[in-house]
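Asks: So that we are looking at the same thing, I have put the structure below in structure tokens.
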Amino acid sequence: MSETTRALRSDAERTVRTILEAAERVLSKNPAASMEQIAEAAGVARTTVHRRFASREALVDAMAAWANQRFAEAIDAAHPETAPPLVALYQATVNVLRVKIDWGFAMSRMLSDDPEAARVHAEVDARCERLFSRAREAGVLRADVDPLWARRVYYALCHEAAQTRDGEPDALAARLIDTLLRGVGTGQGLA
């Protein structure tokens, strides 16, 4: 591949990314925004957006695919199989919250019947299952805790933290992990 071809491809990739990021900003504020409004926010001509995305639906699909890829990369970057379990859990939480907050509109548009999104989510769930098992073995989670229930609670906490956007991802992750590991009660049980 020639240097000119690489430069053109790199420029096209930057343009697509700029459009996707602008679309996320615009559509998260106004889901009915037009392609022209997205082009304006991206600083490109409307024809540039239409050349890259045949329709608004194609643009939203591309946004969902982009967010799905960022979600998978967020988990990879936490090294859930090799980092100490508590470190991996915290880092995965920070990374996922960043994606969920930055790409909230696109993440909400992922279709459950999209095979690629389903594959990524199944892989992430399997990695999370292994991480929670490692956390239990390391004593981070109690031995009597149902791992499936713990993961469901964790996922719900992640979802709520991303929805509230009440703070930076690092602080939200610390609060979320603290809530998961220590709960919100005083230690008194039902009995």
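The values are calculated or read from the model by the stated rules, or taken from the named source; none is laboratory data. Here the structure is a predicted model, which means the values were calculated and not measured. Here the Cβ positions follow ideal geometry from the backbone for every residue, glycine too, while neighbour counts run over all protein chains shown. The accessibility values were calculated without ligands, DNA or RNA, using every heavy atom of the protein model including side chains. Shrake-Rupley method; radii C 1.70, N 1.55, O 1.52, S 1.80 Å.
Asks: Would you mind telling me which numbered condition in (1) modelled with pLDDT of 95 or more; (2) open to solvent by 60 Å² or more (accessible area, probe 1.4 Å); (3) under 18 Å from the mean Cα position of the chain (by Cα) ALA22 fails?
Replies: All conditions are met except number (2).
Asks: Across the stretch 112-156, which residue is most open to solvent (accessible area, probe 1.4 Å) among those that are free of Cβ contacts under 8 Å to residues at least 12 places away in the same chain and basic (Lys, Arg)?
Replies: ARG142
Asks: Which ones in the stretch 61-89 are surrounded by fewer than 19 Cβ atoms within 10 Å (Cβ to Cβ), farther than 19 Å from GLU129 by Cβ and of a type in the set (A, V, I, L, M)?
Replies: Within the stretch 61-89, ALA62, ALA65 meet the criteria.
Asks: Same structure, new question: Residue pairs, Cβ under 8 Å, 6 or more apart or interchain, first in the stretch 99-111 and aromatic (Phe, Trp, Tyr) and at pLDDT 90 or above, second open to solvent by 30 Å² or more (accessible area, probe 1.4 Å) and part of a helix (DSSP H, G or I). List them.
Replies: Taking only residues 6 or more apart or on different chains, the pairs are TRP103/TRP66; TRP103/ARG70; PHE105/SER28.
Asks: Let me ask another. Of everything in the stretch 30-56 that's open to solvent by 80 Å² or more (accessible area, probe 1.4 Å) and among the small types (Gly, Ala, Ser), which residue is nearest to the chain's Cα centre (by Cα)?
Replies: ALA32
Asks: Anything in the stretch 157-170 that is free of Cβ contacts under 8 Å to residues at least 12 places away in the same chain and either in contact with a Cys (Cβ under 6 Å, 6 or more places away or on another chain) or closer than 15 Å to TYR90 by Cα (or both)? List them, or say none.
Replies: Scanning the stretch 157-170 gives a single hit, GLU168.
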